[in-house]
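Chemist: Quick one: structure below, then a few questions.
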Amino acid sequence: MRRGTNLVAVGGFNQAVVLDLIRRAPEGLSRVELAHASGLSPQTVSNVARRLIDDGLVLEAGKQVNGRGKPRTILQLDAQGGFAIGVHLDPSLIAFVITDLDGAVVARRIQRTPVAASPTQVLDAMQTSIDELLADSPEVPRDRVLGVGIAAPGPIDRERGVIVNPPLLPGWDAVPLRDELARRLGVPVVLEKDVTAAAAAELWSATGHDGDDFAFFYYGSGVGLGIVLDHTVLRGASANVGDVGHTVVRAAGAGGVPCQCGMAGCLGVQTSPLRLVRQAAEEGVIGGPGGAGGAAGPGGADGVDGRADLDDLEDPETLFAAFRELADRVEQGDPRAQALFGALADDVATALVRFADLLDVDRIVCGGPFWEPVGRLMLGRVERAVRTSPALVTPHPVRIGSSAAGDDVTAIGAACQVLDALYSPRPANLLLAAGA
Ligand SMILES: [Zn+2]
């Protein structure tokens, strides 16, 4: 475990530059090509390459013959030379992935967040899951794990590695999440806001110009926006960029719901899964016999009379099952369910137009735990509403799509924070958590 720490911390600027160049060249690069591309001296490249080979991050992959010159040895990334663990901590679920150096997922697990658990219980569950995941993955030796990235709902204090009083995770105020997990696992841990991690994962897998300028609309228990401009993930002054919940998307007279901020029609309340499900239950759209309780499975949300118990909706698992049931009703053609989702799609579209105008992005990726059940049903309507909106002033089309990384996107993004520290020459990213 020590070795991983040192790899990241000591590697430094030149190593990050060289390693990143090698990663982006699947065919591999020679030392001469690396010197040319990096601007480093041949001697420096040679020294860095030697260290990367010794550390098992890079391997020599054959010779390249160039005319009459001496054959050049090709250097390639050894994707199995190191691994990163990503954890997505959400009020309703905890997702874990292990990625190799190329960002490819080699192991994954999703579990429900223990209901009404204390932070210590959640930390225990995270530690146990990571231990079990590693035990089940013989191809991932523990001493090749470079670190753990955690993606969590904001606001976060990234400097201190703390989640700051998250409204959806009661009891988490000032829990030293990052340092405590680093102490338990013996590897560096980095904490990132969930929307930023999701955007980082999308950036990592983007090809061509798709990664240049885009926003990631995150639809979880709350909403958020991850932002990538000029191929760079934006974090803001306190790493809490993207709190868009109070963007007004609907007038009070046109169905805008009052918000605790004093306005009405804020994106957060309009799209709140809890609010939508409550309204659907009140209108009798869901919660009937065979309703949300059935979808939740054994021990799920069945009320005494077979309808979803409104009080139980505070439980993330019940809420998720009820939301899924609402999506099923839409698919079955229930007009009341379709009206609810239609309004939801319009509200999301109104917000996306604002974001596209504000940021001048030509692509918005949608994802997050609650997007998965509804994305398929809403994407067409959202896309149409954005395209035809009179408020869309950007002179270029804005493509709307669902995240290609699916359910794992935020956990993968968390792992990418560890990989970024390895590849990125930006000094700030070389500062992984102390405490390991
Ligand atoms: Zn508000």
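Chemist: So the check is Cβ under 6 Å with 6+ separation or different chains; which pairs have a first residue in the stretch 176-193 that's under 14 Å from VAL87 (Cα atoms) and a second one that's hydroxyl-bearing (Ser, Thr, Tyr)?
Modeler: Pairs that qualify, where the first residue is under 14 Å from VAL87 (Cα atoms) and the partner is hydroxyl-bearing (Ser, Thr, Tyr), are PRO188/THR5.
Chemist: Return a yes/no flag: does the stretch 172-180 have any residue that is open to solvent by less than 10 Å² (accessible area, probe 1.4 Å) and within 16 Å of the ligand (Cβ to nearest atom).
Modeler: Within the stretch 172-180, not a single residue is open to solvent by less than 10 Å² (accessible area, probe 1.4 Å) and within 16 Å of the ligand (Cβ to nearest atom).
Chemist: Have a look at GLY147, GLY154 and point out the one that is more than 29 Å from GLU314 (Cβ to Cβ) and surrounded by 22 or more Cβ atoms within 10 Å (Cβ to Cβ).
Modeler: GLY147
Yes or no, residue by residue, for (1) in a loop (DSSP other than H, G, I, E, B); (2) in contact with a Leu (Cβ under 9 Å, 6 or more places away or on another chain); (3) within 14 Å of the ligand (Cβ to nearest atom):
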| residue | (1), (2), (3) |
| --- | --- |
| ALA215 | no, yes, no |
| SER221 | yes, yes, no |
| VAL228 | no, yes, no |
| GLY236 | yes, no, no |
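Chemist: Answer yes or no as to whether THR73 is surrounded by fewer than 22 Cβ atoms within 10 Å (Cβ to Cβ) and in contact (Cβ under 8 Å) with a residue 40 or more places away in the chain.
Modeler: yes
Chemist: Shifting gears a bit: Regarding THR207, is this residue buried (at least 20 other Cβ atoms within 10 Å of the Cβ) and of a type in the set (S, T, N, Q)?
Modeler: no
Chemist: Turning to a different aspect of this structure: Any idea which of (1) touching a helix residue (DSSP H, G or I) at 6+ places or on another chain (Cβ under 9 Å); (2) farther than 23 Å from VAL269 by Cβ; (3) not aromatic (Phe, Trp, Tyr) is the one SER238 doesn't satisfy?
Modeler: Going through the list (1) touching a helix residue (DSSP H, G or I) at 6+ places or on another chain (Cβ under 9 Å); (2) farther than 23 Å from VAL269 by Cβ; (3) not aromatic (Phe, Trp, Tyr), SER238 breaks only (1).
Chemist: Another question, then. Tell me which residues, restricted to the stretch 125-144, are acidic (Asp, Glu) and open to solvent by less than 70 Å² (accessible area, probe 1.4 Å).
Modeler: ASP131
Chemist: Considering each of ALA327, ALA345, ALA308 in turn, give the residue that is farther than 27 Å from PHE96 by Cβ, modelled with pLDDT of 95 or more and among the small types (Gly, Ala, Ser).
Modeler: Matching residue, one of ALA327, ALA345, ALA308: ALA345.
Chemist: Considering only the stretch 259-278, state which residues are hydroxyl-bearing (Ser, Thr, Tyr) and open to solvent by less than 20 Å² (accessible area, probe 1.4 Å).
Modeler: Within the stretch 259-278, just THR271 meets the criteria.
Chemist: Checking the conditions here, which among ALA206, ALA215 is at pLDDT 95 or above and either acidic (Asp, Glu) or farther than 21 Å from ASP312 by Cα (or both)?
Modeler: Criteria check complete, one pass: ALA215.
Chemist: Now for a different question. Answer yes or no as to whether GLY256 is within 16 Å of the ligand (Cβ to nearest atom), crowded, with 18+ Cβ neighbours inside 10 Å and under 27 Å from ASP407 (Cα atoms).
Modeler: When the stated conditions are applied, GLY256 does not pass them.
Chemist: Same structure, new question: Would you check if VAL244 is at pLDDT 85 or above and under 30 Å from ALA200 (Cβ atoms)?
Modeler: Answer is yes for this residue.
Chemist: From the set of residues in the stretch 259-280 that are within 16 Å of the ligand (Cβ to nearest atom) and of a type in the set (A, V, I, L, M), which is modelled with the lowest pLDDT?
Modeler: Per the criteria, the residue is LEU274.
Chemist: Now a separate question. Does any residue in the stretch 134-151 that is closer than 18 Å to LEU422 by Cβ come within less than 6 Å, Cβ to Cβ, of a residue that is of a type in the set (Lys, Arg) six or more places away or on a different chain, and which pairs are these?
Modeler: These pairs meet every condition: ASP143/ARG3.
Chemist: Hey, another quick one. Does the stretch 40-57 contain at least one residue that is open to solvent by less than 30 Å² (accessible area, probe 1.4 Å), assigned to a strand (DSSP E or B) and not acidic (Asp, Glu)?
Modeler: Among the residues of the stretch 40-57, not one is open to solvent by less than 30 Å² (accessible area, probe 1.4 Å), assigned to a strand (DSSP E or B) and not acidic (Asp, Glu), which makes the answer no.
Chemist: Also: Anything in the stretch 242-270 that is in contact (Cβ under 8 Å) with a residue 60 or more places away in the chain and over 29 Å from the mean Cα position of the chain (by Cα)? List them, or say none.
Modeler: GLY255
Chemist: How do the pairs read when you match residues in the stretch 12-27 that are free of Cβ contacts under 8 Å to residues at least 24 places away in the same chain with residues anywhere that are crowded, with 22+ Cβ neighbours inside 10 Å, using Cβ under 7 Å and keeping only pairs 6 or more apart or on different chains?
Modeler: Every condition considered, the pairs that remain are LEU21/LEU29; LEU21/LEU34.
The values are calculated or read from the model by the stated rules, or taken from the named source; none is laboratory data. Predicted, not measured: the structure shown is a model, and the values here were computed from it. Backbone-built Cβ (ideal geometry, glycine too); neighbour counts: all protein chains shown. Note: areas computed on protein heavy atoms with side chains; ligands, DNA, RNA excluded. Shrake-Rupley method; radii C 1.70, N 1.55, O 1.52, S 1.80 Å.
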